Amino acid sequence: MILTRPPMGWNSWNTFASDIDETMIMETADAMVNEGLLDLGYEYLVIDDCWSEKVRDAAGRLVPDHIKFPHGMKYVADYVHSKGLKFGMYSCAGAVTCAGYPGSFEHEFIDAASFASWGVDYLKYDYCFRDPNVPGEILYRRMGLALATCGRDIVFSACNWGADESQNWIKTTGAHLWRSTQDIFDTWGSIKTLTQKQPDLFKTNGQGCFNDMDMLVVGLNGRGNAATKDSLLSFEEYKAHFSIWALFGSPLMLGCDVRNMTDETRQIIKNREVIDIARDEAARQPFVIHAGFPSDEALTVCRMLENGDIAVGFINLSDKPVGRWRFFLTPGHIGLDASCGKNLHLRDVWTGEEFDMENEIFVAEEPLPPHSVRLYRVSLIDC
Ligand code: GLA
């Protein structure tokens, strides 16, 4: 099984952490369908850490927590599947998970068999408490083999946070996507840090193993597990976050409580034009065409799309308005010159504004406000 595009869905961790149970998961499945999220591509519902008992059974198998999941995991998976969604779960390459539940170390094959028997379609595989004597690439290859031979197609979502130079070996392991950076929090500082780390990792992104920038915090609004005392992001900041994840080709895994969303959250996560960029069939690597002053805070990033359009983002990560001359695009940046007889037509995917490029250089109209992104879908026109 090859994953041809970065996955989309929902994961329990950013809002709920250990506070998960069957009822909440089933209500979330209902909401994903009723809100139209499944139709937009959000198809994986993933239960993160803290779902199991603390002790395996006599046969060495993982056991779902009897209080949180009284009917077991097949029951939950069947419900999720009945809604047309796919079902994901979590384990860890260490003997215990990050939150202290049993991990899959030296139980990889028996656990993969359990996941397959429950109807799991996606496994997030963490990296806490790993045996320091066994290299990470061995641990991920082992689970990769366990999943590949378990008799069911299961997406392998590696989560080792970019540790141990994993950009050099993760594609050898069977992982379909790879958490390339540390955990996200519901703050601008966190979004900025994760964004700034990506350009150096763009070369590893693409089909074969997508760079995962972590679950989205859009719609947390200062609540939930990934919130901190500094959390209170604005509409513009969440829009910027969503735009960056989409432009950079990261998975779009929602982290908010989709049963209780505000209209602002809906407006962001349901923007089909942004999702179309995230899910473009070519899944090509993005590239930086300009890093303006201050160099790593004002970025112009592009991605060539399957139909010949180009996604272009002007990204102001800084705390100040950044002058328009720090963001620009020329036909030359994307391979055109005067001999081509082509110019560029731009569509702002948030406002719907459209215009043709008038000069050879297109710059953002006004200085970009702090913590904001302009995202365009650019197409070629005759000139
Ligand atoms: C790590 C991962 C998170 C989450 C927690 C669960 O920190 O990076 O995404 O899965 O573990 O304990």
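Here, each number is a calculation from the coordinates, and none is a lab measurement. Worth saying up front: this structure is predicted, and the values here are computed from it rather than measured. Every residue, glycine as well, gets a Cβ built from its backbone with ideal geometry; the counts of neighbours run over all protein chains shown.
Between the Cα long axis of helix 188-197 and the first principal axis of the chain there is an angle of about 80°, rounded to the nearest 10. Computed 3J(HN,Hα) for the stretch 313-330, one whole-Hz value per residue from the Karplus formula 6.51 cos²θ - 1.76 cosθ + 1.60 where θ = phi - 60°, is x, 9, 10, 9, 8, 7, 8, 10, x, 10, x, 4, 6, 7, 10, 7, 9, 10, glycine and proline marked x.
In the chain, a dipole from Cβ-located charges (positive for Lys and Arg, negative for Asp and Glu) runs towards its positive end, and of 73, 271, 315 it is 73 whose Cα lies farthest in that direction. With both residues required to sit in the chain, DSSP beta bridges show an antiparallel share near 60%. Each part reduced to its alpha carbon centroid, the stretch 188-226 and the stretch 253-275 end up 16 Å apart.
Computed from backbone phi, the HN-Hα couplings of the stretch 153-160 come to 6, 10, 5, 9, 9, 6, 9, 10 Hz, rounded to whole numbers (Karplus: 6.51 cos²θ - 1.76 cosθ + 1.60, θ = phi - 60°; Gly and Pro given as x).
Net charge in the neighbourhood of residue 306 (other residues with Cβ under 11 Å of its Cβ; Lys, Arg +1, Asp, Glu -1) is 0. With θ taken as phi - 60° and the Karplus curve 6.51 cos²θ - 1.76 cosθ + 1.60 applied, the whole-hertz 3J(HN,Hα) list for the stretch 230-245 is 8, 6, 5, 6, 8, 3, 4, 5, 5, 4, 4, 4, 5, 4, 5, 4 Hz, x standing for glycine and proline. Near residue 243: Cβ cut-off under 13 Å, other residues only, Lys/Arg at +1 and Asp/Glu at -1. The net charge is -1. Near residue 46, the amide H atoms lying under 5 Å from its own belong to 10, 11, 12, 88; only residues 5 or more places off or on other chains count, and H is placed 1.01 Å from N. In a shell of Cβ-Cβ distance under 11 Å around residue 187, excluding residue 187 itself, what net charge do Lys and Arg (+1) and Asp and Glu (-1) give? Result for the local shell: -1. P(r) tail, the stretch 268-324: Cα-Cα pairs separated by more than 17 Å, 47% of all pairs.
Once C-alpha pairs closer than 8 Å and six or more residues apart are averaged by separation and normalised to the residue number of the chain, the relative contact order reads 14 percent. Over all projection directions, the Cα-based convex hull of the chain averages an area of 18.7 nm². For the chain, adding -39500 (n - 2.57) for each run of n ≥ 4 DSSP H residues and dividing by the number of residues yields -7000 deg cm²/dmol at 222 nm. Across the stretch 287-382, Cα pairs under 8 Å and at least six residues apart give a relative contact order of 33 percent. Over every Cα atom in the stretch 317-383, the radius of gyration and the widest Cα-Cα span, Dmax, amount to 12.9, 41 Å. Of the chymotrypsin sites (Phe, Trp or Tyr not before Pro) found in the stretch 98-143, not one falls in a DSSP loop while having at most 10 other beta-carbon atoms within 10 Å. Close amide H contacts of residue 261 (hydrogens built in the peptide plane, cut-off under 5 Å, sequence separation of 5 or more or a different chain): none are found. Projecting the Cα atoms of 25, 101, 262 onto the charge dipole of the chain, computed from C-beta unit charges around the Cα centre, puts 101 farthest toward the positive end. Distant-in-sequence amide contacts of residue 179, defined by a placed amide H-H separation under 5 Å and a gap of 5 or more residues or a different chain, comprise 158, 159, 160, 161, 212.
Sparsely packed loop sites in the stretch 155-250 (the GluC sites (Glu not before Pro) outside DSSP H, G, I, E and B with at most 12 other Cβ atoms within 10 Å) comprise 165. Angle between the Cα long axis of helix 136-148 and the longest principal axis of the chain, 0 to 90 degrees, nearest 10? Helix 136-148 sits roughly 70 degrees off the main axis of the chain.
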